[in-house]
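Peer 1: Let me give you the structure first, and then I'll get to my questions.
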Amino acid sequence: MKNNSNNKVQKESHYRSIIKGITWRIIGTLDTMLLSFIVTGKFNTAVKIGFTEVFTKIFLFWLHERIWQYFLYDRKQTQLISIIKTISWRVVGTIDTLIISWFFTGEFKQGASIASIEVITKLILYYFHERAWLLLPKGSIRKIFNK
């Protein structure tokens, strides 16, 4: 695989996708728990929503990363692609949050409030998370684990 400047384009490894997913999930869970607490006023409910999302979102994020890796096969990830990727992840994440929040609050309105506020906070947080990961050269994670 070569690009126009004759530099080898390296695919993102499964290790990198997993660690990237874990770092995002930490950020995302804290954001979800804070928003859930603000909307419901119930710490216990916020914790239930946040910890349930840990499991659903790690899997969904990994799946999202692998699908994007397939489509980005031999392309450089530009800012535009980061924005499109951010939006596609937010759609998946918001639907997941809505369902989980609705389940734990028992009220669609509260679930929708949490999910709709999260659209804004998560778009911003995810975009910066994605750009920060682009600063870490591909192949770095594998080198750390293979020492």
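Peer 1: It is to be established whether one or more residues within the range 129-143 are within 28 Å of VAL39 (Cα to Cα) and either open to solvent by less than 70 Å² (accessible area, probe 1.4 Å) or at pLDDT below 85 (or both).
Peer 2: Of all residues in the range 129-143, those within 28 Å of VAL39 (Cα to Cα) come to 129-130.
Retained after the next criterion (residues that are either open to solvent by less than 70 Å² (accessible area, probe 1.4 Å) or at pLDDT below 85 (or both)): 129-130.
Yes - at least one qualifying residue is present in the range 129-143.
Peer 1: Under 7 Å between Cβ atoms, which residue pairs at least 6 apart in sequence (or on different chains) link something in the range 59-84 that is within 18 Å of ASP96 (Cα to Cα) with a partner that is open to solvent by 80 Å² or more (accessible area, probe 1.4 Å)?
Peer 2: The qualifying pairs are TRP62/ILE18.
Peer 1: Can you tell me which residue within the range 45-66, out of those that are touching a Ser or Thr at 6+ places or on another chain (Cβ under 9 Å) and more than 21 Å from GLY111 (Cα to Cα), is most open to solvent (accessible area, probe 1.4 Å)?
Peer 2: That would be TRP62.
Peer 1: Which members of the range 77-128 meet the condition of being outside any helix (DSSP H, G or I) and open to solvent by 70 Å² or more (accessible area, probe 1.4 Å)?
Peer 2: GLU107
The values are calculated or read from the model by the stated rules, or taken from the named source; none is laboratory data. A quick note: this is a predicted structure, and the numbers were derived from the prediction, not measured. Every residue, glycine as well, gets a Cβ built from its backbone with ideal geometry; the counts of neighbours run over all protein chains shown. Just so you know, the surface numbers come from the protein's heavy atoms only, side chains and all, with ligands and any DNA or RNA stripped out. Shrake-Rupley method; radii C 1.70, N 1.55, O 1.52, S 1.80 Å.
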